[in-house]
Amino acid sequence: MQTETCQEYRISPANRRCCWYVIISGPVLVAISYWITAFVPDQDSFEVVQGCIVASLVSALVAVPLAWRLRVDEQGIAWRFFIYSDLWSWEDFASGRILKYPSYIFYDPNRNWWRRKLRLNSIDIESIHEVMAVINTHYQLPPAPDVPETLSLKYKFYESVVFDSQGIHLLINKKSFEYQWSDVQHILITRMDPLRRDFSSLIVVLLDREIALRMTLNDLGYNTSWSGETHDEVNEYFLANAPESCIKTTIHGQRSTDREHAKRKIEAAIKKRAEFVVMMSVWLIPIAIMLGCMAFINLTEGLPLLTLFVVVAGPLCVYGYRVQSKEIAELEENLNEVIEGEERVE
């Protein structure tokens, strides 16, 4: 067996920062509560003490995730939380029984129910890819399903599609649309890592429309945007029957190698940033106006709350916007690299 270098991982820097923001806010809230008790007349001291206790408890509880660790060594992968640890050996990964779920979750049906899932999604995306690369040197996929001759799927509320050797037969509101396999422009597959059969999304791009199949995971299992064949059967069918030149696969969190995926990632990131701005505006502007009015009416009671709101919410909004803008800039840089690479090949 390959000897692995021992490496330990913590929760991602973004999650650690969130924890520390809440931890630091505890003493700040306690100080503001003391200020209110000392200077605001007719203030119930018991309520203020209650608030201080709650703030202190929340700060202590938020510090708990900082103790979580993930260790990769020659024995396998183990996660540790204080004195408790759970080892997933390399023999387990090579057994063919461990399933890969979305969001970088592994599932072992042979373990006790409270130990069946190994979650990697607490660490940052670069570290996830490092760990996944090591796992994939040992990982054995479960047996592949039989490839169906015909793929029949229902998606949305009123659309269904049948894929067969003759082409693609689409039914929308009882109206039929027929396509040949030569009409397929792209089949865009996004996976969490290279060695798996499931996918986050599979988009069939036709001449005038798209067929989008998406997958998520909840506590009950897979949640798919379609009904019919399983995700394994869908994946194997397209790999076996679709034109190979049309299939373009990208890995979540990694740089794209084709123009279509790169462009779509930019569009999704811009949309995500716009939604963030709208969400922050809808929630924060009315609260700021309300607290501003309170401060105007009663300076001693309203000003501390307005100050606390600005100090806490302002930096978080600016940070969130800057992070998403940085992501867009990196995606645009990736697109330019892809275009330059295609031009050099031509």
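The values are calculated or read from the model by the stated rules, or taken from the named source; none is laboratory data. This one's a predicted model, so the numbers in the text were calculated from it and none came from an experiment. Glycine also receives a Cβ, built like all others from the backbone with ideal geometry; neighbour counts cover every protein chain displayed.
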Next item on the list: Check Arg111 against each of (1) surrounded by 14 or more Cβ atoms within 10 Å (Cβ to Cβ); (2) at pLDDT below 90; (3) in a loop (DSSP other than H, G, I, E, B) and name the one condition it does not meet.
Entry: (2)
Next item on the list: Just give me the residues in the range 283-328 being surrounded by 12 or more Cβ atoms within 10 Å (Cβ to Cβ) and charged (D, E, K, R), in sequence order.
Entry: Glu301, Glu327
Next item on the list: For Phe238, state whether it is surrounded by 18 or more Cβ atoms within 10 Å (Cβ to Cβ) and touching a residue at least 24 places away in the same chain (Cβ under 8 Å).
Entry: yes
Checklist line | Members of the range 85-122 found to be of a type in the set (S, T, N, Q) and either outside the structural domain of Asp73 (by TED's automatic domain parsing) or over 15 Å from Thr216 (Cα atoms) (or both), listed by number | finding: Ser85, Ser89, Ser95, Asn110, Asn112, Ser122
Note to self: Let me confirm something: among Ala269, Ala313, Ala288, which residue is under 30 Å from Ile189 (Cβ atoms) and at pLDDT 80 or above?
What the structure shows: Ala269
Check: If you check Glu233 against the conditions, is it touching a residue at least 60 places away in the same chain (Cβ under 8 Å) and surrounded by fewer than 19 Cβ atoms within 10 Å (Cβ to Cβ)?
Finding: yes
Notebook entry, point to check: Can you pull out the residues in the range 178-195 that are surrounded by fewer than 16 Cβ atoms within 10 Å (Cβ to Cβ) and over 17 Å from Gly167 (Cα atoms)?
Noted result: Pro194, Leu195
Margin query: Being modelled with pLDDT under 85, more than 16 Å from Ala313 (Cα to Cα), surrounded by 16 or more Cβ atoms within 10 Å (Cβ to Cβ) and aliphatic (A, V, I, L, M) is the filter here; which residues of the range 1-31 pass it?
Written below: Val30
Next item on the list: Evaluate the following for Ser176: is it without any contact (Cβ under 8 Å) to a residue 12 or more places away in the chain, assigned to a strand (DSSP E or B) and under 27 Å from Pro243 (Cβ atoms)?
Entry: yes
Check: Are there any strands (runs of 3 or more DSSP E) wholly within the range 182-264 with 2 or more residues that are outside the structural domain of Asp124 (by TED's automatic domain parsing) and closer than 25 Å to Glu330 by Cα, and if so which?
Finding: 186-191, 201-205, 247-251
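Residues checked against (1) without any contact (Cβ under 8 Å) to a residue 40 or more places away in the chain; (2) surrounded by 17 or more Cβ atoms within 10 Å (Cβ to Cβ):
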site	(1), (2)
Asn121	yes, no
Asp124	no, yes
Met132	no, yes
Leu141	no, no
Leu151	no, yes
Tyr155	no, yes
Ser160	yes, no
Gln166	yes, no
Arg197	no, yes
Checklist line | Residue list for the range 178-216, filter: β-branched (Val, Ile, Thr) and in contact with a strand residue (DSSP E or B) (Cβ under 6 Å, 6 or more places away or on another chain) | finding: Ile187, Ile189, Thr190, Ile203, Val204, Val205, Ile211, Thr216
